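A quick write-up on the structure given underneath.
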Amino acid sequence: MKLEQLYEFLDIEHGGQFEYFENFADLVETPETIDDDTLFALMREVELKTFAELCESYFYETLESVPGDQIDLYNLLENIKRSLIGLSEAAEAARSEDQEAEKNMIKLSDELNRFRRWFTGDSVVECRDVMSGKAEFLTVRDALTTSRLEKLNKDEHLYDFSRALDYPIEEYIMTMADLAEE
C-alpha cells in the first residue's frame, strides 16, 4: 500500500489529520500490507502526542477484550502499548534534533508495523468452542474480537494464546522522569 492509498484507506488527506480513534484502529487492524517506508512517511506527519493518546485509548479498549485467564497476553499487550507510547514520546522529544528524530521515528514506525503484522496476521491463537468442541485458529485480533462478542451472544470459548506470545518488543531508553510520571 502506497502513502496515498493509506490516506484514502484512513479517510484522511495527510498525516496531520490522523487524530481519531478510528484512524488508529483502522491502521493497526487492517491485514493489508503496509510497507515500512509508507508507514514511516505517515508517522513523520502525525502529531505524536495525539498518536500516544490514541495508542493509550486503543490498548485500553483492546485489553478489555482479553479473557481473564490470559494474563501473559494482557501483560504482553500492555508492554507493547508502553513501548509504542515510549517510542512516540522519544521521537517527539527529539524532533528538534534531526538525526536523532529520524532514528526514533524509524524505531517507532518499525515497532508499529511489527505490532500490526503480529496482531492481524502472524499470530496464531487456538479458539475452541466450549459447546461443540470445534477449534479455530485465529489471529490475536480475531480472537479478541471473538472474546468481545462472547459477552453479547453468550457463546463460550477456550483460548490458547501460547503460540502468539513470542513477540520481540523494541527496547527504548526510559528516563527516571518518565518512570516518575507513570
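The values are calculated or read from the model by the stated rules, or taken from the named source; none is laboratory data. Given the structure is predicted, the values throughout are model-derived calculations rather than measurements. Neighbour counts run over all protein chains shown; Cβ positions are idealised from the backbone, glycine included. Remember, those area values only see protein heavy atoms, side chains included, never the ligands or the DNA or RNA. Shrake-Rupley method; radii C 1.70, N 1.55, O 1.52, S 1.80 Å.
Filter segment 55-74 down to the residues that are touching a Leu at 6+ places or on another chain (Cβ under 7 Å) and open to solvent by 10 Å² or more (accessible area, probe 1.4 Å), then identify the one that is nearest to Leu10 (Cα to Cα). It comes out as Leu63.
Against the conditions (1) in contact with a Gly (Cβ under 8 Å, 6 or more places away or on another chain); (2) more than 16 Å from Leu108 (Cα to Cα); (3) among the aliphatic types (A, V, I, L, M), Leu10 satisfies every one except (1).
On inspection, Ser57 does not qualify as assigned to a loop (DSSP other than H, G, I, E, B), small (Gly, Ala, Ser) and either under 25 Å from Thr145 (Cβ atoms) or out of contact with any helix residue (DSSP H, G or I) (no Cβ under 9 Å at 6 or more places or on another chain) (or both).
Can Ser83 be described as within 12 Å of the chain's Cα centre (by Cα) and modelled with pLDDT under 95? For Ser83, the condition - within 12 Å of the chain's Cα centre (by Cα) and modelled with pLDDT under 95 - is met. If you go through segment 123-170 and keep only what is of a type in the set (Asp, Glu) and in contact (Cβ under 8 Å) with a residue 60 or more places away in the chain, you end up with just Glu170. For segment 106-123, the count of residues that are over 28 Å from Glu45 (Cα atoms) and either surrounded by fewer than 19 Cβ atoms within 10 Å (Cβ to Cβ) or among the small types (Gly, Ala, Ser) (or both) is at least one.
The set of residues from segment 133-148 being open to solvent by less than 80 Å² (accessible area, probe 1.4 Å) and farther than 16 Å from Lys81 by Cβ comprises Gly133, Ala135, Leu138, Thr139, Asp142, Ala143, Thr145, Thr146, Ser147. Condition first: hydroxyl-bearing (Ser, Thr, Tyr), open to solvent by less than 10 Å² (accessible area, probe 1.4 Å) and touching an Asp or Glu at 6+ places or on another chain (Cβ under 7 Å). Can you find one or more residues in segment 75-87 that meet it? Yes, the conditions are met somewhere in segment 75-87. If you go through segment 149-175 and keep only what is open to solvent by 60 Å² or more (accessible area, probe 1.4 Å), modelled with pLDDT of 90 or more and among the aliphatic types (A, V, I, L, M), you end up with Leu149, Leu158.
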